[in-house]
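Structure first, then comments.
The values are calculated or read from the model by the stated rules, or taken from the named source; none is laboratory data. These numbers come from a predicted model, not from an experiment. Note that each Cβ is placed from the backbone with ideal geometry, even for glycine, and that neighbours are counted across all protein chains shown. Keep in mind that these areas ignore ligands, DNA and RNA; they rest on the heavy atoms of the full protein, side chains included. Shrake-Rupley method; radii C 1.70, N 1.55, O 1.52, S 1.80 Å.
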Amino acid sequence: MSWPSDSFSPPWVGESTISAIPFVRGYQYLTAVRQLALEPEMLDVTDDLRESERIYTWIGNHIDAINAELNTYLEACHGCFHPEQRRPMHILATPLATEYGIDGLCNIMVYPAVILIDVGRTARQDWLSIVVHEYAHAHLGSPGHDWQFFNIISHLCLGLGLAPPHWQPNMENYLRNWPHCASLANPLTFWMGYS
């Protein structure tokens, strides 16, 4: 099956209205990304004004480099499939609200699918693992962790040198965190530039 060409670009790319002031640029970025989440409240910074100012400023200064790194992982995942099997998708870094307890999510309700990764929640060496997990959802166009997800995640893990999952009786719960990576205690420290 051949997928339509990817003509979508995120709303802040190439627009002249994007501010050069880091704080404003970070605020604009998160406002735009919030519109791509499953629910806008899934993205959260903090109610503390000093901390939120620091986060917006850090994002304004560093988000392009972070997104470029995530995009290399996305391209590596694409490389595991023939071109005609690759679904159009985008990947973006963003802080996710703590109460959801997730490191990343895939919005398959938009076209192209959008993968959002909270890079502050895991160590940098585990970013690929989160991307692989969410890529599998985007590739399938499905939120579940069924046998199809098992097959795709196994294919990706083998192609990218990660440990593949093993078939388990309770596959749904087992695959929710595969490839496994530990969450960090305070993800906002990354977004404030402390880690």
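Note down the magnitude of the dipole of the chain about its Cα centre, charges +1 on Lys and Arg C-beta and -1 on Asp and Glu C-beta and zero elsewhere, to the nearest 20 debye. Could the numbers behind the result be given before it?
Details: 9 positive and 20 negative charges, 63 e Å.
Roughly 300 debye for the chain.
Determine the calculated [θ] at 222 nm for the chain from helices alone, applying -39500 (n - 2.57) to every DSSP H run no shorter than 4 residues and normalising by the residue count; nearest 500 deg cm²/dmol.
Working: 6 runs with 80 residues, N = 195.
About -13000 deg cm²/dmol.
Specify the angular offset, from 0 to 90 degrees and rounded to the nearest 10, of the alpha carbon long axis of helix 49-78 from the longest principal axis of the alpha carbons in the chain.
With both axes taken from Cα atoms, the answer is about 30 degrees.
For the stretch 141-155, what does the Karplus curve 6.51 cos²θ - 1.76 cosθ + 1.60, with θ = phi - 60°, yield as ³J(HN,Hα) per residue in whole Hz, taken in order and with x for Gly and Pro?
x, 9, x, x, 10, 9, 5, 5, 4, 3, 5, 5, 5, 5, 4
Check which residues have an amide H placed less than 5 Å from residue 104's amide H, if you skip close sequence neighbours.
Hits under the 5 Å cutoff: 118.
Sort 25, 86 by heavy-atom solvent-accessible area, probe 1.4 angstrom, most to least.
Working: 25 50, 86 80 Å².
Output order, biggest surface exposure first: 86, 25.
Remind me, what semi-axes does the stretch 22-192 give for its equivalent ellipsoid, largest first in whole Å, using sqrt of 5 times each Cα gyration tensor eigenvalue?
Numbers: eigenvalues 155, 56, 41 Å².
Three semi-axes, in Å: 28, 17, 14.
Which one of 49, 148, 68 has its Cα pushed farthest toward the positive end of the charge dipole of the stretch 22-192, where Lys and Arg give +1 and Asp and Glu give -1 at the Cβ?
68
Amide H of residue 43: which non-local residues (sequence gap of 5 or more, or other chain) have their own amide H closer than 5 Å, using H built in the peptide plane?
Amide H to amide H, under 5 Å and 5 or more residues apart or across chains, residue 43 pairs with 97.
Express as a percent, rounded to the nearest 5, the fraction of DSSP beta bridges in the stretch 22-192 (both residues included) that run antiparallel. If you can, show how the numbers build up before the last one.
Working: 5 of 10 bridges.
Beta bridges within the stretch 22-192, antiparallel portion: roughly 50 percent.
Put a dot 7 Å past each Cα toward the Cβ at residue 75 and residue 97; how far apart are the dots in nm?
A separation of 3.5 nm, rounded to one decimal place.
Could you please report the charge total around residue 127, scoring K, R as +1 and D, E as -1 over all other residues with beta-carbon less than 15 angstrom from its beta-carbon? Intermediate results must be reported in sequence, preceding the final value.
Values: positive: 121, 124; negative: 69, 75, 103, 118, 126, 134.
Here the count lands on -4.
Where is the GNM fluctuation largest for the chain (alpha-carbon springs, 10 angstrom cutoff): 154, 19, 129?
Of 154, 19, 129, the Gaussian network model singles out 19 as fluctuating most.
I want to verify a result. In a Gaussian network model of the chain, Cα cutoff 10 Å, which of these has the top mean-square fluctuation: 55, 108, 66?
66
Give me the accessible area per residue for the chain, probe 1.4 Å, as a whole number in Å².
Values: 9910 Å² over 195 residues.
Value returned for the chain: 51 Å² of accessible area per residue.
Along the Cα-to-Cβ line of residue 35, 7 Å from the Cα, sits a label point; which residues in the stretch 57-82 have backbone N less than 19 Å from it?
Once the point is set 7 Å along Cα→Cβ of residue 35, 60, 64 turn out to lie under 19 Å by backbone N, inside the stretch 57-82.
Under the 0.36 nm per residue contour assumption, what length would be gained going from the current alpha-carbon distance of residue 123 and residue 186 to full extension?
Numbers: separation 63, 0.36 × 63 = 22.68 nm, distance 1.15 nm.
Contour length minus Cα-Cα distance gives 21.5 nm.
Tally up the carbon and sulfur contribution to the accessible surface of the stretch 73-195 as a whole percent, 1.4 Å probe, everything protein left in place. Walk me through the numbers on the way to the answer.
Details: 3080 of 5520 Å².
Within the stretch 73-195, the accessible surface is 56 percent carbon and sulfur.
What angle do you read, to the nearest 10 degrees and between 0 and 90, between the alpha-carbon axis of helix 127-140 and the longest principal axis of the chain?
Orientation of helix 127-140: about 60 degrees from the principal axis.
With θ set to phi - 60° and the Karplus curve 6.51 cos²θ - 1.76 cosθ + 1.60, what are the ³J(HN,Hα) couplings of the stretch 81-86 in order, to the nearest whole Hz, using x for Gly and Pro?
Whole-Hz 3J(HN,Hα) from phi for the stretch 81-86: 10, 5, x, 6, 9, 7.
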